[in-house]
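This report concerns only the one structure given below.
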Amino acid sequence: MRGLTRLRRATDTLFFRLVLLVVLAVISSQMFTLWLAARERTHLVSQQLYTEVVNTLADLEGMLDVLPRAERPRFLESYNRPGLPQLLPSDAANGIEFAERLPSLGAALGERLSRGLGEPVPVRWRRLGDRNELWVSVHVVGQQYWLVLPLGRFTGGTTHAIWLAATLASLLAMVVAFLIAWRVTRPLIRLADAAHQLGEGQTPAPVPPTGPHEIVSFTRRFNSMVGALDAAARERRLMLAGLSHDLRTPLTRLKLSVELQPDNTDREGMLDDIDELSRIVRQFIDFARSEEVLHREPVALAELADSVVARFRREDLDVHLERHTDAELQLDPLAMERLLSNLIENARRYGATPIVVTVDADDAGVRLTVTDQGAGIPAAQREAALAPFERLAEHRGTDGGSGLGLAIVSRIVKQHEGVLRFLDPDDGGFAVQVTLPRQ
């Protein structure tokens, strides 16, 4: 199945189609040229044969006409020589096996002789090993004869030379087709790779503008677009980071002031609101950092998950870890810590305890799964829940969230070339699973 999939992908590429187009055009033109050359050669050879037959018949007619009928057979015995045209009596064809199908050369000669002599002229083709003979039924001095023409000099190696030249020309054209297709598609492949990196949240390096004029123009526009997107992303990160940083200082002062106030009925609520604002500011900072370039290093995902789970357990959250692998992956540890923290925080805020964090592995890679006992996200809203600042209607305005938790998770998963899935376990609850590739 993998072989068929790879073959299908290869045949769907622009490179393959360009090569196929040129190869088919070359083969079609060569076949037409060979057919035309063979047709013209048959026409010329049949014309030469016709001339030779007419001249031979004229000579024999003149020589036999002056001889008595009794002396004609003895004359023909001395006249007929191997390798040269021979005039044989009509019964000489008895017992001889002729070819069932008359080649185009014989058919063309028979048609020409019939037109020239004004009567149907039977023609037969005889194969003698590597030699061929053409038997033509003619009338000479009022009697029926067979004029036998050896075709050695008319069926030489010319056709072989033509086929060899056509094959060499086709091979040369195919090589040129491969080079042209490669030069045309190479810039497009670079653009596709750069677009893939852009889709994964990375900023690709500028693509060299090479190739045809249209591709060069498209490449320059693509590079300009990437530059504009990168500049906009930097400005957004700077704005989010600056705004979040500026908000943390007054929030810290405000919390300190509230804590120093005497106990009253509003004090705890005010502290909770300040903590919510601090949490939202922290998510803004995490969202801005999730666009930064990853700093990968070998990370044991189970060890990292153990550290994050221990931090939440110190906050009296009912969460525990199930580790089934100690595999190391090339990851950004800070980004993965943010990812797992957001998943556990979402499970605490919108799900129900106990929360189980599982780290295991399969052929696809290493899997990180966070399972809670809540109702989860409705299937129709799961795709929308990954968008930044998108919050479910039942939680909008009631939980103090910012709608960035799953957006941060989704971006980090894409940067690590992983897969994010929402699962509904058979024993109830809701699970978010992240699969990270080993390489």
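Points to keep in mind about this one:
- Centre-to-centre, using Cα atoms only, segment 209-227 and segment 22-86 are separated by 65 Å.
- Rounded to the nearest 0.05, the FRET efficiency derived from the C-beta distance between ARG221 and ARG267 at R0 = 51 Å is 0.30.
- Annotation: peptides 338-349, 133-144, 163-174, ranked by per-residue average of other Cβ atoms within 10 Å with the highest first, follow the order 338-349, 133-144, 163-174.
- Pairwise label distance in nanometres, ALA231 with ALA364, each label 7 Å out on the Cα-Cβ vector: 4.1
- With 0.36 nm allotted per residue and the present C-alpha distance subtracted, the LEU24-THR210 stretch has 64.3 nm of extension available.
- A crude spin-label estimate for the pair ALA327 and THR51, with each label 7 Å from Cα along the Cβ direction, gives 8.2 nm.
- Remark: the ALA37-ARG115 segment gains 25.7 nm on full extension, using 0.36 nm per residue and subtracting the alpha carbon distance.
- Separation of alpha-carbon centers, segment 95-118 and segment 358-381, rounded to whole Å: 83
- For the pair TYR79 and LEU44, a Förster radius of 25 Å applied to the C-beta separation gives a FRET efficiency near 0.35, rounded to the nearest 0.05.
- Under the criterion of Cα pairs below 8 Å and six or more residues apart, the relative contact order for segment 65-217 equals 16 percent.
- Subtracting the Cα-Cα distance of ARG183 and LEU260 from 0.36 nm times their residue separation leaves 20.4 nm of extension gain.
A short reminder: the numbers here are calculations on the coordinates, not readings from a lab. Since the model is a prediction, treat every value here as computed from it, not as a measurement. Quick reminder, even Gly has a Cβ in these numbers, built from the backbone with ideal geometry, and neighbours come from all protein chains shown.
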